[in-house]
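What follows is a short report on a single structure.
The values are calculated or read from the model by the stated rules, or taken from the named source; none is laboratory data. Only a predicted model underlies this, so the values are computations on that prediction, with no experimental measurement involved. Here Cβ is always computed from backbone atoms with ideal geometry, including for glycine, and neighbour counts include all displayed protein chains.
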Amino acid sequence: MHFKSIAFAGMRRINTLVVLIMVSWLAACNENKKVELVNRDISNATAQMTEIMVHDITNPPLAARFFSYACLAGYEIVSQNDPAIKSMHGVLNDYPELKKPDSLGKNSYQLAALFAMLETAKKMQPSGTLLNKYQDQIVDSLTAAGVDADLVSNSRKYAGIISAKILTYAKADGYNKISNRPRYTPSEEPGNWFPTPPAFIAAVEPYFNTVRSFTLDSASRFKPAPPEKYDPAKTSGFYNLTQSVYTQSQEMTPEHRVIAAFWDCNPFAVQDGGHLQFGYKKISPGAHWLGITGIACADAGKSFNETMKIMTMVSVGLMDAFICCWDEKFRSNRIRPETAIRRLIDPAWEPLLQTPPFPEYLSGHSTISSTTATLMSHYIGDNFSYTDSVEVSYGLPARKFSSFQQAAKEAAISRFYGGIHFMDAIDNGLLQGSQLGEWMLVKLK
């Protein structure tokens, strides 16, 4: 069998990255050639990170890990220079006390924060060196605008010092020990998860709950109620859940299809083309929500520093949400609707969306969406209207939302429309996510 990886429609190629000369840089360069950045500069950096994750087919939990440490590197520099932004020392688990380096010379701390994000991402992401071109183009743009070379050089030096410390913090989170654990073997018990067609991909990150979280005292801090127990009897609660997914697939409306596709965010999508399988690259759920965060910060007129804070809180929330959710996934280890429906109702049934390669309960998209919506509602506003255009370049039209909670609920129900989750996994995923979000807001004070 051959596997050919091709880009999803509309994907921007990594080797054709184009950096727009930031108007903010040119406008902010006064006679002293100082540099002040704006919210879009952070969004552009995370977008470049996302492109590389698409290129590398980075799984959703790991993508959240990359984003969180990159954002923390930028956040730490901002916190050392803006009294309104507090360090994460004493707030996040095991977070070190990082002091501002001495004798840096003239520099732009905001530029250093941006460079720190990129330096951290370059070291953590498998193809992170692709960010070198983007970083070089930033420097070229600043040089063309007349910014002093020493200022740029000192800013990069500052970034490197803080990035190195954040990378040390990241290395101690235990993720690198996962490879030493036994290979995960799926159970063939009737109600347990088993790899699904067409690619039958092995379980993704079965030990992610062993990674150090940022705010949790335990991966099971928000352990949900147990899922409906597998029972093939037609009078059972499980059969009713299964029947509901099957019935929905027979009554699908055009709007349901649009919603399912909009929130698919499956980096593992594979299409069977006979003797060939084609992989369609898409962004992760966390990347989608960070894109939304960038849009909202721009629409709300947030400053560079405020945006750095919000992006960091969201990325930290994504990481902890995946830890919570994955802790439950591999504890309950529940069968996917695709397997259950084929076994109990219709042997030829296929879901609208391709089933992701990990157990069903809880719904990851429901959990991380609810966590993010809770955080965003706090930092931006409860009834904040925006247009989500994150995936326009991936061939999906923009959608309008009246609040982050509305978007989270739509993201959650999209998994039911797509035929990849039962409703109790969606409902309890939303609950776990909101509990985590509220917990974080207390911890992050």
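Quick rundown of the values:
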item: Restricting the range 88-100 to residues that are in contact with a helix residue (DSSP H, G or I) (Cβ under 7 Å, 6 or more places away or on another chain) and surrounded by fewer than 17 Cβ atoms within 10 Å (Cβ to Cβ), the residue that is farthest from L444 (Cα to Cα); result: P96
item: Selected residue (criterion: farthest from P357 (Cα to Cα)) from residues of the range 172-182 that are surrounded by fewer than 13 Cβ atoms within 10 Å (Cβ to Cβ) and in contact (Cβ under 8 Å) with a residue 12 or more places away in the chain; result: A172
item: Matching residues, the range 138-175, being hydrophobic (A, V, I, L, M, F, W, C) and either assigned to a loop (DSSP other than H, G, I, E, B) or in contact with a strand residue (DSSP E or B) (Cβ under 9 Å, 6 or more places away or on another chain) (or both); result: A145, V147, A172
item: Subset of the range 202-229 [of a type in the set (S, T, N, Q) and either within 22 Å of R336 (Cβ to Cβ) or outside the structural domain of F330 (by TED's automatic domain parsing) (or both)]; result: N209
item: Qualifying residues in the range 156-165 (those that are touching a residue at least 60 places away in the same chain (Cβ under 8 Å) and out of contact with any Pro (no Cβ under 9 Å at 6 or more places or on another chain)) - the one nearest to M88 (Cα to Cα); result: S163
item: Cross-chain or 6+ apart pairs with Cβ under 7 Å, the range 207-228 first and more than 17 Å from G429 (Cα to Cα), then of a type in the set (D, E, K, R) and in a loop (DSSP other than H, G, I, E, B); result: Y207/R181; V211/D173; R212/D94; R212/D173
item: Scan of the range 89-137 for residues that are part of a loop (DSSP other than H, G, I, E, B), in contact with a Phe, Trp or Tyr (Cβ under 6 Å, 6 or more places away or on another chain) and without any contact (Cβ under 8 Å) to a residue 60 or more places away in the chain, ordered by number; result: H89, L104, N107
item: Checking A164 against (1) surrounded by fewer than 17 Cβ atoms within 10 Å (Cβ to Cβ); (2) within 20 Å of N333 (Cα to Cα), the condition it does not meet; result: (2)
item: Residue that is surrounded by the most Cβ atoms within 10 Å (Cβ to Cβ), among those in the range 230-262 that are closer than 15 Å to R343 by Cα and touching a Leu at 6+ places or on another chain (Cβ under 8 Å); result: T242
item: Among (1) surrounded by fewer than 24 Cβ atoms within 10 Å (Cβ to Cβ); (2) more than 12 Å from N305 (Cα to Cα), the one test that T58 misses; result: (1)
item: All helices (runs of 4 or more DSSP H) inside the range 298-406 with 3 or more residues being of a type in the set (D, E, K, R) and within 19 Å of the chain's Cα centre (by Cα); result: 304-332
item: Residue tally, condition of a type in the set (S, T, N, Q), touching a residue at least 40 places away in the same chain (Cβ under 8 Å) and under 15 Å from T293 (Cα atoms), over the range 363-419; result: 7
